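Below is one structure, written out as structure tokens; comments come after it.
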Amino acid sequence: MSEFPEIIPIFPLYGTILLPNTILPLHIFEPRYQQMIEYTMKHDQVIGIVQPIEQEQEKIYKIGCLGKIEQCQKLPNENYLIRLNGVLRFQIEKELEVTTQYRKVASDYSSFVNDLEEGDQDLEDPELLYEKFCNYAEKKNIQIEWEKLRTIPIHYLVNILCMNLDFNSMEKQALLETRNLQHRWDTLITLISMAIADNSDQLSASECVN
């Protein structure tokens, strides 16, 4: 994994995860993270997205995801709009002592090499996810273009749902830390099923997906 830097700056975001082969747009407005973007754009153009264990706390989870800055726009007020592309997950070996305002860690990617091949993996029964998501969307009053949804590659759909559905921070971290895409699929189905359990009889899934 020598093509990925061992030492990376991190951006702790409570309630937010990044997964491989997904896009995360961010508005960078804190001075310390503006400094981080300025640094990384001159070097590897990568940052690590991690979650704090508790909101407004410094302690972070040990698993995060490396993101490559694909687009970076500096605004007149010195803020940045960036577009991160998820590359692969990492485990934090240790946090470094730094003189910068932002934090850096030593990272280990060896447990997550399969992230680089997610697009080649098959998942069983995509219809199950469509049906579960239909009931979830109905409960949450989410308007979905179902025909367009079905054109999304299933491995990508799994990851964007994990990132964007209304799960709490611990649930999102559990999705991030799954062993592989199949395990993430299973965990996602479980979490969606739990979310719709109290009204699962109110809507037939076939009414949404057919």
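So the values come out like this:
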quantity	calculated
The stretch 88-170: GluC sites (Glu not before Pro) in DSSP coil with no more than 15 other Cβ atoms inside 10 Å	Glu97, Glu124, Glu145
Tensor-based shape of the stretch 47-154 (alpha-carbon gyration tensor, a/c under 1.5 rounded, otherwise prolate or oblate)	prolate
Unit charges on C-beta of K, R, D, E only; dipole of the stretch 81-180, Debye	520
Spin-label proximity, Asn164 to the stretch 122-150 - amide N less than 20 Å from point 7 Å beyond Cα toward beta carbon	126-150
Quotient of C-alpha Rg and 2.2 N^0.38 Å, computed over the stretch 18-67	1.23
Simple spin-label estimate for Leu149 and Ala106 in nanometres, 7 Å along Cα-Cβ	4.5
Contour minus Cα-Cα distance for Arg32 and Leu75 (0.36 nm per residue)	13.9 nm
Calculated log₁₀ intensity ratio I(q)/I(0) where the Debye formula runs over C-alpha points of the chain, q = 0.11, 0.13 Å⁻¹	-0.57, -0.77
Additional length obtainable on full extension of the chain from Glu3 to Gln55, 0.36 nm per residue less Cα span	15.4 nm
Orientation-averaged projected area, Cα convex hull of the stretch 113-196 (nm²)	5.3
For the stretch 139-152, Karplus couplings with θ = phi - 60° (6.51, -1.76, 1.60), whole Hz, Gly/Pro x	5, 8, 6, 9, 8, 10, 8, 5, 5, 5, 4, 6, 7, 7
Rounded to the nearest 20 debye, dipole of the stretch 68-113 from Cβ charges on Lys, Arg, Asp, Glu	160
The chain - percent of accessible surface contributed by carbon and sulfur, probe 1.4 Å	45
Placed amide H near Leu18: partners under 5 Å, 5+ positions off or other chain	Cys65
Relative contact order computed over the stretch 120-187 (Cα-Cα under 8 Å; 6+ residues apart), in percent	36
Out-of-range pairs (alpha-carbon distance over 27 Å; input Lys59/Lys172; Lys59/Lys139; Lys68/Lys132; Lys148/Lys172; Lys68/Lys139; Lys62/Lys140)	Lys59/Lys139; Lys68/Lys132; Lys68/Lys139; Lys62/Lys140
Candidates per trypsin sites (Lys or Arg not before Pro) in the stretch 79-168, loop by DSSP, up to 16 other Cβ within 10 Å	Arg150
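The values are calculated or read from the model by the stated rules, or taken from the named source; none is laboratory data. It should be emphasised that the depicted structure is a prediction, and the values quoted were computed from it without experimental measurement. Positions of Cβ are backbone-derived with ideal geometry, glycine not excepted, and every protein chain shown enters the neighbour counts. These accessible areas exclude ligands, DNA and RNA; they are computed on the full protein's heavy atoms, side chains included. Shrake-Rupley method; radii C 1.70, N 1.55, O 1.52, S 1.80 Å.
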